[in-house]
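Read through the structure below, which is laid out as C-alpha cells, and then see the notes.
Throughout, read-outs are computed from the coordinates displayed, never taken from laboratory work. Just so it is clear, the structure is predicted and the values come from calculations on it, not from any experiment. In this analysis, Cβ positions are derived from the backbone assuming ideal geometry, glycine residues included, and neighbour counts consider all displayed protein chains.
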Amino acid sequence: MAQEEGRSLSEARSRVGVLHGITDLGDKLHFYKRWAPDYDQDVAALQYRAPRLAVDCLTQALPGPPHAALILDVACGTGLVAAELQARGFLQLHGVDGSPEMLEQARARGFYQRLSLCILGQEPLPSSEGGLVCLTTRTNPSNLRYQEALEATLDGLERAGAWQRLVAWPVDRWELATSELEVGPGTSDCDGFISGIVYLYRKQDVAQVEGVRPSSQPPADL
C-alpha cells in the first residue's frame, strides 16, 4: 500500500510539474483534456487545500445564509470547490471552465445548477457587477511571476475603485511541492509543502465608477 501511495504521489508531482511549465493556452487545454479523469486523484495525493481554504474565507465574509447566495465558480475544474460549498449549505452554484473534459467531471458531481464553457481572458464571465470575488494562487518560487502579474491587476482594479480588498490570507501548507525547484522562499522545507494565498474582494457598482469596464478580470490561476 505504501508503495502504491508513493507511486501515486510521484506521478501526481510529475503531471503537475509538467502543467506548471506550460504557457501556451492551447497546450494547457490539451493537457487538461488528458488529465481530467485523474485530476482529483492527483490533487488529493498532493494534499491540495485551495478549495477548502477559499470556501473558509468566503463563508466567513458572506452576510446572509449560504442557501441564499449565488456562487459563480470560475475555472471550476472538476468541481472540488462545489463539493466544499455544497457541504456547507450553498445550493445555488454556477461553474465555468475552459476545458470541456473538466466540465464533464464537474457535471458528474451533480452540484451545479449551470455549467458553461468559457475561456478566461477571451470571453466575458456570466456574472453580475456586484458581490464578492475570491481568488487563490501559489506563492512558491516558480509561481512568483504569475503572482506579481495577478497582484498588479488586482492593485489596478483597487486604484480604479472597481474592487475593494477585504482579505489577503497567506497560507503555509498549500500543497506538496512538485519538485526541488519549488524549494526556496515561500516553501516549508521541513514538511515539503509550498505556500499560497487567498484573496477576497468586494466588487463595487461599476456604473458608479468612471472609466472602469464591467468585463475587467484578473488573469486566471489554471
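Apply the a/c threshold of 1.5 to the C-alpha gyration tensor of the range 99-177 and tell me whether it is rounded, prolate or oblate.
Details: a/c = 1.88, a/b = 1.24, b/c = 1.52.
Because a/c hits 1.5 or more and a/b fails to exceed b/c, the range 99-177 counts as oblate.
Fully extended, how many nm does the chain gain between D191 and R88 (0.36 nm per residue separation, minus their Cα-Cα distance)? All intermediate terms of the calculation are to be shown ahead of the outcome.
Numbers: separation 103, 0.36 × 103 = 37.08 nm, distance 2.96 nm.
Net length gain for the segment: 34.1 nm.
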_Just to verify a number: FRET efficiency for T153 and K28, C-beta to C-beta distance, R0 = 22 Å, to 0.05?_
0.70
*asked:* For the range 1-148, report the % of Cα-Cα distances exceeding 26 Å.
replied: 28 percent
*Sticking with the crude label model, points 7 Å out along Cα→Cβ, report the distance from L117 to S179 in nm, one decimal please.*
3.1 nm
*Under a 5 Å amide H to amide H cut-off, with H placed in plane at 1.01 Å, what residues pair with G131 once short-range neighbours are removed?*
K203
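Between A44 and A168, what is 0.36 nm times their sequence separation minus the Cα-Cα distance? Round to one decimal in nm. Don't skip to the end; give the middle numbers.
Values: separation 124, 0.36 × 124 = 44.64 nm, distance 2.47 nm.
Value of the extension gain: 42.2 nm.
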_Rounded to whole Hz, the Karplus (6.51, -1.76, 1.60) HN-Hα couplings of the range 101-116, x for glycine and proline_ = 5, 5, 4, 5, 5, 5, 4, 5, 6, x, 8, 8, 7, 8, 10, 9
